[in-house]
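FYI, it's all coordinate maths here, none of it is from the lab. Owing to the predicted nature of the structure, the values given are computational and were not obtained by experimental measurement. Counting neighbours? That spans all protein chains shown, and the Cβs are built from the backbone with ideal geometry, glycine included.
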Amino acid sequence: MRNKTKQVLVIAGLDPSMGAGLGADITVIQELGVFVAGVVTVIVAQNSKRVSGVFPIETPVLGAELDSLIEDYDFDAVKISMMGSVENARYIEKIINTLDKPVVLDPIQKATTGGMLSNGDLLCETVEKILPNSKVVIPNIYEASFITGYEIKNLSDVRIAAKEIKKRGVEWVLIKGGHLKEDVLTDTLFDGENFFYYEHKKYGQDEIRGTGCILSSALTGYIALGYDIKEATAKAVDYVQEKIAESLVTGNGKAQAALYRKKD
């Protein structure tokens, strides 16, 4: 008799340094004890210092990847981040509409190392088509500003942006506070009526790679395991803070949030 395990589908870009993107997603979700399958949407030539190229996967190839997985696996949750092109986003939208599973959307715009990862047309398509079909969207303050057209400087601005994003049809909005100029950082969760705040210490997040991917991946994993959104968020925030505290130097650029299984 075979035991059914919890399963997550990740649709994301591939960072060959494995400091972010699909490589980081897989590491995190596996560490939570969840099976994970990954679809590559774009290859990002990137290291700890810079992004030197972004190469979207052609939509027929993306479709073949997705179709082969959907045919065989019964996923409990889906994480979507980089999609590579407007055409890819439209294909992904059709697929997730048929799955009827909770979607965690990480609308990545820019790498920690500074390179742009998604253009305006793709982000607009994401907001229009993928966002309304998502369980949770997890923008940082810059991505939230793009979605709303509202500049975010403080926690009060975050609340205004969260209300505007919620109007787009998503169930929950989680705005990451890592780029706010405050000593104590606050991630803000909004369900349309109530705000929930997750405070944590600042470790110099602007200088550490992979934190956004780790948070959204951990959240997706915990949702797949059956936690409700508030509890899943609390556990994911704690998880990423542990990885930030253990960050390490792997190259000559930004430090890397720790992505490894801790030894007992």
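For this structure, a couple of remarks:
- Set of the stretch 78-109 residues, backbone N closer than 11 Å to the point 7 Å along the Cα-Cβ line of residue 160: none
- Phi-derived couplings, Karplus 6.51 cos²θ - 1.76 cosθ + 1.60 at θ = phi - 60°, listed residue by residue for the stretch 33-47: x, 10, 5, 9, 10, x, 10, 8, 9, 7, 9, 10, 6, 8, 9 Hz, with x used for Gly and Pro.
- Counted residue by residue at 0.36 nm each, then reduced by the alpha carbon distance between them, the extension gain from residue 97 to residue 45 reaches 15.6 nm.
- The stretch 129-185: GluC sites (Glu not before Pro) falling in loop per DSSP and having at most 16 other Cβ within 10 Å: 151, 171, 182
- Backbone geometry of the stretch 72-78 corresponds, through the Karplus equation with coefficients 6.51, -1.76 and 1.60 at θ = phi - 60°, to 3J(HN,Hα) couplings of 10, 10, 10, 6, 9, 7, 10 Hz, x marking Gly and Pro.
- Cα point-scatterer Debye curve for the stretch 7-256, base-10 log of I(q)/I(0) at q = 0.08, 0.13, 0.15, 0.16 Å⁻¹: -0.26, -0.73, -1.02, -1.19
- Using the Cβ-Cβ distance between residue 182 and residue 234 with R0 = 25 Å, the FRET efficiency computed as 1/(1 + (r/R0)^6) comes to roughly 0.80.
- Near residue 77, the amide H atoms lying under 5 Å from its own belong to 7, 9; only residues 5 or more places off or on other chains count, and H is placed 1.01 Å from N.
- Each residue of the stretch 17-26 is assigned a 3J(HN,Hα), and the resulting list reads 7, 6, x, 8, x, 4, x, 5, 4, 4 Hz, derived from the Karplus form 6.51 cos²θ - 1.76 cosθ + 1.60 (θ = phi - 60°), x at Gly and Pro.
- Between the amide H of residue 41 and those of 12, 13, 14, distances stay under 5 Å, these residues lying 5 or more places away or on another chain, with hydrogens modeled in the peptide plane.
- Additional length obtainable on full extension of the chain from residue 4 to residue 151, 0.36 nm per residue less Cα span: 48.4 nm
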